[in-house]
Amino acid sequence: MSYFLEGLKQALALLFPPSADILGIIGLSLVVSASATLLAGIFAIPTGVFLAVTEFRFKRLVIGLLNTAMAIPAVLIGLLVYILVTRRGLLGFLGLLFTPWAMIMAQAFLAFPIITALSLAALKGVAKETKDLAFSLGASPLQMSLAVIRQGKFAFLTAVIAGFSRVIGETGMTLMVGGNIKGETRVMTTAISLETMKGNFELGIALGLVLLLVALLLNVFLQLMQGK
């Protein structure tokens, strides 16, 4: 117990005040994961709305594939993105491997099915009622879709936060396509993994505390929005 308390004491000393290296790691983590979540959300939310309000022949199959995608191991997504952006890959000419852009791409692929599925699940109840009411009032398909979006705005927020929480805590996939390069692609999860293996537990604990703080702030924000 004393060993843990000593590590915690040293971790707090690293955070107050934080060094430039720690601030860089935290900042890059937040930028990469927020960018990936935003990118995924831009495509995932309209997809969720479309699936909720539209009936088509293979809808059940598409939803089944979407649910399956949620269960794909993150490391497999990392492998596919690695193959895509490696020098001999389809996007190899862009030089994205071991850059924040590759990390954003991989995390966006991971977040997309999560945000889409959660949005769809939340809209199932309100979509049909809103759709029927909108059409009975003479609304166009676009107006009906906008009405559904307004009804589900809190659900979208919940889905986006869930997606962000998932990707910011990912290690293996991020390490695979980012490389954990100091000052360039080192984020909190990869730094925790590296420093723990090196025996620098205090830095791992410090960054772990920051991750816990981020999770707490997101939960508080969600509760405040739900209260409103």
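Summary of computed values
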{"read-out": "Residues of region 182-197 satisfying the condition of being under 21 Å from Leu76 (Cα atoms), out of contact with any Pro (no Cβ under 7 Å at 6 or more places or on another chain) and assigned to a loop (DSSP other than H, G, I, E, B)", "value": "Arg186, Val187"}
{"read-out": "Residue that is farther than 26 Å from Thr116 by Cα, of a type in the set (Val, Ile, Thr) and outside any loop (DSSP other than H, G, I, E, B), where the choices are Val214, Val210, Val220", "value": "Val210"}
{"read-out": "Scope region 183-224; condition at pLDDT 85 or above, under 21 Å from the mean Cα position of the chain (by Cα) and not hydrophobic (A, V, I, L, M, F, W, C); matching residues", "value": "Glu184, Thr185, Arg186, Thr189, Thr190, Ser193, Gly208"}
{"read-out": "Extreme residue, farthest from the chain's Cα centre (by Cα), among residues of region 32-52 that are among the hydroxyl-bearing types (Ser, Thr, Tyr) and either at pLDDT below 90 or within 20 Å of Gly152 (Cβ to Cβ) (or both)", "value": "Thr47"}
{"read-out": "Set Gly199, Gly179, Gly183: member being farther than 29 Å from Ile83 by Cβ and out of contact with any Lys or Arg (no Cβ under 7 Å at 6 or more places or on another chain)", "value": "Gly199"}
{"read-out": "Qualifying residue in region 42-53 (condition: closer than 30 Å to Gly183 by Cα and not aromatic (Phe, Trp, Tyr))", "value": "yes"}
{"read-out": "Pair list, Cβ < 9 Å and 6+ apart or interchain, from region 11-34 residues that are over 20 Å from Pro100 (Cβ atoms) to residues that are in a helix (DSSP H, G or I) and among the aromatic types (Phe, Trp, Tyr)", "value": "Ala11/Phe201"}
{"read-out": "Filter pass, Gly179 being touching a residue at least 60 places away in the same chain (Cβ under 8 Å) and not polar (S, T, N, Q)", "value": "yes"}
{"read-out": "Condition broken by Lys153, with the remaining ones in (1) in contact (Cβ under 8 Å) with a residue 40 or more places away in the chain; (2) charged (D, E, K, R); (3) farther than 30 Å from Leu91 by Cα satisfied", "value": "(1)"}
{"read-out": "Those residues of region 55-88 which are farther than 17 Å from Gly169 by Cβ and in contact with a Ser or Thr (Cβ under 9 Å, 6 or more places away or on another chain), in sequence order", "value": "Leu66, Ala69, Val85"}
{"read-out": "Residues within region 35-55 that are farther than 23 Å from Trp101 by Cα, polar (S, T, N, Q) and touching a residue at least 60 places away in the same chain (Cβ under 8 Å), tallied", "value": "1"}
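For (1) assigned to a helix (DSSP H, G or I); (2) farther than 22 Å from Ser193 by Cα; (3) of a type outside the set (A, V, I, L, M, F, W, C), each residue gets a yes or a no:
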site	(1), (2), (3)
Leu8	yes, no, no
Gly27	yes, no, yes
Leu30	yes, no, no
Gly41	yes, yes, yes
Ala44	yes, yes, no
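The values are calculated or read from the model by the stated rules, or taken from the named source; none is laboratory data. Everything numeric in this text was worked out from a predicted model, so none of it was measured. Glycine also receives a Cβ, built like all others from the backbone with ideal geometry; neighbour counts cover every protein chain displayed.
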